[in-house]
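Undergrad: The structure's right below; bear with me while I get my questions together.
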Amino acid sequence: HVFLFIFWALGATLILGYNGFALARVKKLLRKAYPAENEAYFVPGLDTPFTLGLFRPRIYLPEGLTSEEKEYIICHERVHIRRKDHLIKNIAFLLSAVYWLNPFVWIAFYFLERDMEMSCDEQVIRRMGFDIKKQYSQSLLDFAKRESLAVTPLTFGENSVRQRVKNVLSYRNAKRWSIVFGIVILAAAGTVLFTSRPGGDGPGSQKEGNVQSGAGPQTVGVFDFT
């Protein structure tokens, strides 16, 4: 047990230590930041835009962006901030570091981050119009080709680019009727999955339940998430 604890503690320390080292490199670069419009900051030498900060998140941009790129990048990052994604991501990363031996935790963290990014991409498209999809996708690809010091799980950068580009190019604004239909389907599924089957009043009913399970009437579709 002592050996397992030491092994776990060493792994968690390495994960948190690497993130701390990466954050230190990023913060050193951010010393050169100067204000841009819309409460964002330009950083000389920065390759990709990102948001960093726990209680006071800030948007950092590379120099040389076009006005259109700057507009939709800031829009994207502001959606992250408004949704408190930075808080959720920090908590998720700490949990991943604690349970680092479980591969499913890292898989969940990956999909959490990817879904956050794609959801923000969709919000940008809805706000700024479908005609920017090609330019927006090209910007994602351009930033993905650059090497960046902002390689830390606690920054919001340009991650999962291939899936994000596919999602942006194929994105269609959902119709109201389809949203309502989806809600109805989820409600119906929840009612079916989390409803117990009655045991019946007569002896025949009780006997049938005993034959099926050996322990009386069964509960249908109850999921135990552990």
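Undergrad: Describe numerically, in nm with one decimal, the distance between label points set 7 Å from Cα along Cα→Cβ at C75 and at V98.
TA: Here the modelled spin labels are 3.8 nm apart.
Undergrad: Over the range 45-104, with every protein chain in place, what whole percent of the accessible area is carbon and sulfur at 1.4 Å, could you tell me?
TA: 61
Undergrad: Using DSSP to define loop residues, name the GluC sites (Glu not before Pro) in the range 1-95 whose beta-carbon has at most 12 other beta-carbon atoms within 10 Å.
TA: Sparse-neighbourhood loop GluC sites (Glu not before Pro): E37, E39, E63.
Undergrad: Compute, for S96, the solvent-accessible surface of its heavy atoms (probe 1.4 Å) with the complete set of protein chains present, and express it in square angstrom to the nearest 10.
TA: Number for this one is 0 Å².
Undergrad: Could you put D131, D115, D142 in order of accessible surface area, largest first, with the 1.4 Å probe and the full protein assembly present?
TA: So, going from the largest accessible area down, we get D131, D115, D142.
Undergrad: Binning at 10 Å from 0, report for the range 40-104 what percent of all alpha-carbon pair distances ends up in each bin.
TA: Here the calculated profile for the range 40-104 is 20, 40, 27, 12, 1.
Undergrad: Oh, and also: Taking the range 30-157 on its own, what percent of its Cα-Cα pair distances exceed 18 Å?
TA: 55
Undergrad: Could I ask something else about it? What is the range 2-80 by shape, rounded, prolate or oblate, if you read a ≥ b ≥ c off the alpha carbon gyration tensor as root eigenvalues and call it rounded for a/c under 1.5, prolate for a/b larger than b/c, and oblate otherwise?
TA: prolate
Undergrad: Still on this structure, please answer the following. Indicate the gyration tensor shape class of the range 81-120 (rounded, prolate or oblate), computed on the Cα atoms with a ≥ b ≥ c the square roots of the eigenvalues: a/c under 1.5 is rounded; otherwise a/b larger than b/c is prolate and the rest oblate.
TA: oblate
Undergrad: While we're on this one: Calculate the length of the line joining the C-alpha centroid of the range 40-92 to that of the range 3-35, in whole Å.
TA: Cα centroid of the range 40-92 versus Cα centroid of the range 3-35: 20 Å apart.
Undergrad: Structure shown: which of K28/K145; K28/K166; K27/K166; K32/K166; K27/K145 lie over 29 Å apart, alpha-carbon to alpha-carbon?
TA: K28/K166; K27/K166; K32/K166
The values are calculated or read from the model by the stated rules, or taken from the named source; none is laboratory data. Note that the coordinates shown come from a computational prediction; the quantities given were computed from them, not determined experimentally. With ideal geometry, Cβ positions are generated from the backbone for all residues, glycine too; neighbour counts draw on all protein chains shown. Just the protein is used for accessible areas: all its heavy atoms, side chains included, with ligands, DNA and RNA removed. Shrake-Rupley method; radii C 1.70, N 1.55, O 1.52, S 1.80 Å.
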